[in-house]
Amino acid sequence: FLASGLLSTEPSAQTTSPEGKIVFVKQGTEPSNKCDGQPCADLWVMDADGTNQTNLTNTPDTNEGQPAWSPDGTKIAFTGPGELNEDGSGGLGDIYVMDADGTNRTNLTDTPDFLEYRASWAPSGAQLTFVREVPGQIISEQSDIFVMDANGENANNLTQTDANEDDPAWAPDGTKIAFSGVRNSGSEIVTMDPNGQNETILSGDSFEGADRAPDWSPDSTKVVFQKQCQGVCSDAWEIWGVNRDGSQDTNLTPNDLSEEDRPVTQHTGPSWSPDGSEITFTRTRPSVEGGQSDIYAMPAPATLPPPATGESASTTTMEQGEGVMAFAETTLVRPLTTDGLSSEPDWADTSADTTPPEVKST
């Protein structure tokens, strides 16, 4: 309590001591027949400064992805391979959960013939949202958002529409779930109550718009997401932010390159730090052979739009360099990985210190 009273009430553009662990996906280096001849991906964890990287799954012939920390930092949900289908064909994806050290892996959605992915925890840790592909009325397979208990029981469809819904993200205050849904002929960021009611569109664009992968600020007042196709469908993915009420949607990683300069660097999968001061994301360079990806952190906006000038400005500026988007030298963007194989970061809340105090004197 004493420490919390000394902290600033607003996130700072400067991050002096980032905390918490970041779980992420790292592709292997040796091809595997079990992964279509490509290297399989494992789940790794690292400190907030990019150090102490540790392989949690270490499965050379299995893909794991889309990790999500539990609110108390003791569990990680992720997408892994499913068991064989009823007809004996290859299994589809399932939702798994494991301890934070990679042990005690459990399949929560062992459902033959269904594909499940993209889990997100309720703030209480008692439930998980996820995506399941089900038979569609208009298209053969459509994605709906489900909720289930943390042990995998009592799965319930929240969306039940004839459109696709994806990328659920539960607000830290527990009152809303943000997701990417096809609305107004485009993919928009939408919020709904935890029971699936009271939808509100936060990021209305147009038929050309594609808004995906929302993530809430720790105080539940803002949402960051990735956006593509602002007028031209070859546009790069960029990180945007919007207030909870849908106002002041702002490009945080603007792309100023002309049409002939594309393809450009892609910025995807934003994740907010537990103190609200930074946002991690994946930076992919298509122009580099193999499409190398690394994880970066940038200052998070205290307000939307961020201040335009002065020391409090927290937006990230870009400049062109060597044919791809390059970060300007003057920004506070920092790389957390440099191997070209890392993506999909999820920043865990710092676990509370539950160690009883020791009385030294009275």
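The values are calculated or read from the model by the stated rules, or taken from the named source; none is laboratory data. Source: prediction; values computed, not measured. Neighbour counts are summed over all protein chains in view; Cβ atoms, including those assigned to glycine, are modelled from backbone coordinates with ideal geometry. Keep in mind that these areas ignore ligands, DNA and RNA; they rest on the heavy atoms of the full protein, side chains included. Shrake-Rupley method; radii C 1.70, N 1.55, O 1.52, S 1.80 Å.
Pairs under 6 Å by beta carbon, first residue touching a residue at least 40 places away in the same chain (Cβ under 8 Å) and under 14 Å from residue 117 (Cα atoms) in segment 150-169, partner of a type in the set (Asp, Glu) and in a strand (DSSP E or B), six or more apart or different chains? Filtered contacts from segment 150-169: 169/215.
Between 112, 71, the distinction of being at pLDDT 90 or above, surrounded by fewer than 21 Cβ atoms within 10 Å (Cβ to Cβ) and outside any strand (DSSP E or B) belongs to 71 only.
Could you go through segment 230-238 and let me know if any residue there is at pLDDT 85 or above and either open to solvent by 30 Å² or more (accessible area, probe 1.4 Å) or within 18 Å of the chain's Cα centre (by Cα) (or both). Working first, answer last.
If we filter segment 230-238 for residues that are at pLDDT 85 or above, which is where we start, we get 237-238.
Now restrict to residues that are either open to solvent by 30 Å² or more (accessible area, probe 1.4 Å) or within 18 Å of the chain's Cα centre (by Cα) (or both): 237-238.
Within segment 230-238, one or more residues are at pLDDT 85 or above and either open to solvent by 30 Å² or more (accessible area, probe 1.4 Å) or within 18 Å of the chain's Cα centre (by Cα) (or both).
Please find, among 145, 76, the residue that is modelled with pLDDT of 95 or more, β-branched (Val, Ile, Thr) and within 28 Å of residue 34 (Cβ to Cβ). I'd like the intermediate steps shown before the answer.
Details: 145 fails: within 28 Å of residue 34 (Cβ to Cβ).
None of the other options fit; the residue is 76.
The set of residues from segment 194-211 being farther than 18 Å from residue 173 by Cβ and at pLDDT 95 or above is empty.
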